1. Is there a residue in segment B:550-566 that is in contact (Cβ under 8 Å) with a residue 12 or more places away in the chain and of a type in the set (S, T, N, Q)?
2. If you check B:Gln24 against the conditions, is it touching a Pro at 6+ places or on another chain (Cβ under 9 Å) and among the polar types (S, T, N, Q)?
3. Restrict the check to segment B:176-190 and report whether at least one residue is assigned to a loop (DSSP other than H, G, I, E, B) and at pLDDT below 95.
4. Of all residues in segment A:244-272, count the ones that are free of Cβ contacts under 8 Å to residues at least 12 places away in the same chain and on the phi < 0 side of the Ramachandran plot.
5. Of all residues in segment B:361-397, which are closer than 30 Å to B:Asp228 by Cα and out of contact with any Ser or Thr (no Cβ under 7 Å at 6 or more places or on another chain)?
6. Only one of A:Gln81, A:Gln87, A:Gln75 is over 30 Å from B:Leu510 (Cα atoms), modelled with pLDDT under 95, in contact with a helix residue (DSSP H, G or I) (Cβ under 9 Å, 6 or more places away or on another chain) and not small (Gly, Ala, Ser); which?
7. Looking at segment B:144-154, can you tell me whether even one residue there is surrounded by 23 or more Cβ atoms within 10 Å (Cβ to Cβ), touching a residue at least 24 places away in the same chain (Cβ under 8 Å), in contact with a helix residue (DSSP H, G or I) (Cβ under 6 Å, 6 or more places away or on another chain) and within 14 Å of another protein chain (Cβ to nearest Cβ)?
8. Does A:Val255 satisfy the condition of being β-branched (Val, Ile, Thr) and within 20 Å of the chain's Cα centre (by Cα)?
Protein chains: 2
Amino acid sequence: MRASRYLIATLKENPSDAEIVSHQLMLRAGMIRKLASGLYTWLPLGLRVLRKVERIVREEMDRSGGQEVLMPAIQPAELWQESGRWQQYGGELLRLKDRHDRDFCFGPTHEEVITDLIRNELKSYKELPANFYQIQTKFRDERRPRFGVMRAREFLMKDAYSFHVGSESLNETYEVMHRTYCAIFDRLGLDYRPVEADSGAIGGSASHEFHVLASSGEDEIAFSTESDYAANLEKAVALAPTDDRPQPSEDMTEVATPGQTTIAAISDFLKVPTEKTVKTLLVKAEAEDGEERGLVALILRGDHTLNDIKAENLPGIAEPLTMATDEEIRKATGCPPGSIGPVKLPVPVIVDRAAAHLADFVCGANREGYHLTGVNWERDLPLGRVEDLRNVVEGDLSPDGKGVLEIRRGIEVGHIFKLGNKYSKAMGATVLDENGKSALLEMGCYGIGVSRIVAAAIEQNHDDRGIIWPDAIAPFEVAVVTLNGHKSPAVQEAGEKLYEQLSQAGFDVLLDDRKERPGVKFADLELTGLPHRVVVSDRGLTAGTLEYKGRRDADKQDLPIDEILPFLQNASPRRGH
Amino acid sequence: MRASRYLIATLKENPSDAEIVSHQLMLRAGMIRKLASGLYTWLPLGLRVLRKVERIVREEMDRSGGQEVLMPAIQPAELWQESGRWQQYGGELLRLKDRHDRDFCFGPTHEEVITDLIRNELKSYKELPANFYQIQTKFRDERRPRFGVMRAREFLMKDAYSFHVGSESLNETYEVMHRTYCAIFDRLGLDYRPVEADSGAIGGSASHEFHVLASSGEDEIAFSTESDYAANLEKAVALAPTDDRPQPSEDMTEVATPGQTTIAAISDFLKVPTEKTVKTLLVKAEAEDGEERGLVALILRGDHTLNDIKAENLPGIAEPLTMATDEEIRKATGCPPGSIGPVKLPVPVIVDRAAAHLADFVCGANREGYHLTGVNWERDLPLGRVEDLRNVVEGDLSPDGKGVLEIRRGIEVGHIFKLGNKYSKAMGATVLDENGKSALLEMGCYGIGVSRIVAAAIEQNHDDRGIIWPDAIAPFEVAVVTLNGHKSPAVQEAGEKLYEQLSQAGFDVLLDDRKERPGVKFADLELTGLPHRVVVSDRGLTAGTLEYKGRRDADKQDLPIDEILPFLQNASPRRGH
């Protein structure tokens, strides 16, 4: 492609409404433009990246045995009523009426449509397992779209749905998809982690998320320093300490702590590290038929944080997790929140595994303005129910016993689920099994946010000059820059020749033949993140050299003209594919 | 692809709601399934065809210098209000509201969005010409969707928009797109014609349609036997006869024609050929400020038909063309419609060129139950205004003077327009020209119905056994059929080997390894239209041969095993690409 005939729509200034770096850089590099809130046009340079991501996803899905289909974006309400989601789905479902006043939606997902198709088409276990996928435009009417294509309303997604008789077959395909997703993200050239995810809300029995690691990510992921274990923070198990709890060495003492109501303040005031304190959180108990709901106390080490999902999944605790109000706390304990503690608390207590391992700890005295020091379980108060209540922290033991946990931030770009028979049951999707009996289909579903990957790749790969594309998804792999080509026929000719040579060798090449100053060209190429830059200049031609600089390189280097092709073939990992 | 792991969803019966052959065959061959009225899911076999069409369109658009973009399906009402189309566009525009009650539509076309983009991005004539295209899902809320994907509500379209300073540049790109469309339809392997089309309604200055020829087509196309001239029937010029009008040889005579009110009846009753009669059609005149609209009489030869578009484009005639009611005819002429004629008609008369060439003709006498015979222009009545009013017929001279016209039916699959400044004017899209002055952009737009092409290809290429794909868009080019492969390991092994060999040579191969009877496999392969079939059997292996049959062949033939690859390479035109 010749840059002189191509829309290079770079911007110097950071757009004021772009909050995250990928959004800023996609606008500045001329990859996207906003049409309306959460709606973006992909400009030529951006679309090249999107199409490369799409192609890699398609090739690996095909390789895995997936069959590509294409379902309509517009879906009839009847199917969503059948599954129950027409009512359940909130404002994110874009509902609309056609000219005959019939209800439809712009599909955010296609479980209903594919289940309807399959219940009509497949009759026998002999036709299974089968895995159907599509790469298709979806719509989610976000209340507050933001972050560019990272959380757009209209987006490109790969969604796949597998069908099975029996969970063993589902498990097999689930494993195939897990491997396929790894192959996809490997080929994309991204640093990613498949992590165990909570599947409670979806109603399935297993679920993994695939995260692109980036410090700007919205999600926290815990993973082992010495094994493949990885889970999102919600799901990561905090093991109980393996050694014995230390013996008590202090007496329990009530001390005045006037005005000190936070862990940090108490720790400071009493000169005790936060990890020797406990905090007491009161939450609503699970309702029992018609009764007023009581409270439950959750005890955590002062330096730990409550994991809401773990807590609400426990029997006896209301779901969703609901913190008691100050009013309710006073009513139940006779004391304000900043001074409560587990000793003689008139509320059932659940103790986190780490808090249960403390000796000589500090806690509220259940008396305003006082705390207790030197408190010990079983000596000063009973240690009743112990559970995993907290978020893991760096340095915790890995739940699989190998290594310790590290925590990194990630951007969720893929998700695989075992759906089980949730949809097949609601919609009556059955086939005849080996015994000629009707069997409900087991289903898996497997999503990848194709357009989101583009943004996530930038969050992970950029510097203060712009984007740094992995070769596999760069809009162009190589930029050939002619310096003052409009003045020097020799430079222009050598540039054209190199452009042809590299293109014929299979590289996606941008020939920057624009009548711009070198500084403008270099800045644009760095902003747009092209991995390899080759400069053709009069000075170089005289010396028989071209100047090469990789996007991540600190220095440029001169290479003999006929060494540039083998050099690039060696430098670009995609060539090996 | 192995058929045993692929959704071959063929149907034996013709679906009752499919009216045309492509719709029937796409359902029967398992290419599509209906989700709701005008909404279709593309099954794996159908999607392979769609993607091949899409790829050819993309490659040729890229080759022509087009820059691919991707605009949102959902568009804000504001832009449509700016162009005026929010009000003008009828019920086919799917209007909807988002969760914040803002107005949007599901775009049936993208003139507004691209014009908005370009007015923001481009500043100077130096950045022009530029041609942006997308291949994208569109929605047209047809009142009565029918014919499957031929006239679906949701469909896949390639739309392109070019921008220029000055009409010369627009003309150049228009010609490039004309050539590009020819290259696309050539590669698709379809019999097509680019035809001149009426561009009045769109407001542009030139327009061509691209039609796939098929006897089931909705449109009629006239083209020359001896030149490239082709136009749709609306547009094809009917030349005036070049010889002199014959001299009168009969006297004008009034004859009683009781109860004879149609041309066919009069011709029969008077034993006069229809081409010696004229018919008189009364239509509304163009309104002049506030006045009651009068009538105009259009005179055509009895065997010719009125061309509405030609008529309404004439000065003095109301647009849209509006026929006078019986009541209005009686009021204006004192006579019912079946007996009116041009002699002494108290209404202005416009005579078609062919009718103006008649001598001794028959027409209504403007007296109920009577006609005139032996009527002659200029002797019996003045010959005033003569115009081209009729549809051409086969055998008419070609307007370019070369050969005569043939008429065939076609399916419109592409359309190119010179839009001029319609949108740039309404939306204020300008750039600075060479003199530093603000210039309104000139625009062209260029559409291809990607999903419609699939149906049109079938309308053109089928027989009573099913579809006959052109190689370039066949879902698979070659079927390798193993006869009783599940019983004969030798057959199975040879089939697998051939499958690998042909796949490696670049063919898209379907290995039909299903445990089905040969008759079932052959019927499926003929229905799904695969161009080349190779059968592996025990009998053949013993003789060292494979059985080949092309989809259009009457007979099969045995070929030595090692000759099959060169044979297919020779037989498949795509291999030459």
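The values are calculated or read from the model by the stated rules, or taken from the named source; none is laboratory data. Values in this document were obtained by computation on a predicted structure and should not be read as measured data. Using ideal geometry, Cβ is built from the backbone for each residue, glycine included, and neighbour counts are taken over all protein chains shown.
1. No, the conditions are met nowhere in segment B:550-566.
2. Judged against the criteria, B:Gln24 is a match.
3. No, the conditions are met nowhere in segment B:176-190.
4. 4
5. B:Val386, B:Glu387, B:Asp388, B:Leu389, B:Val392, B:Val393, B:Glu394, B:Gly395, B:Asp396, B:Leu397
6. After applying the criteria, what remains is A:Gln87.
7. Looking through segment B:144-154, at least one residue is surrounded by 23 or more Cβ atoms within 10 Å (Cβ to Cβ), touching a residue at least 24 places away in the same chain (Cβ under 8 Å), in contact with a helix residue (DSSP H, G or I) (Cβ under 6 Å, 6 or more places away or on another chain) and within 14 Å of another protein chain (Cβ to nearest Cβ).
8. Taking the combined requirement at face value, the residue does not satisfy it.
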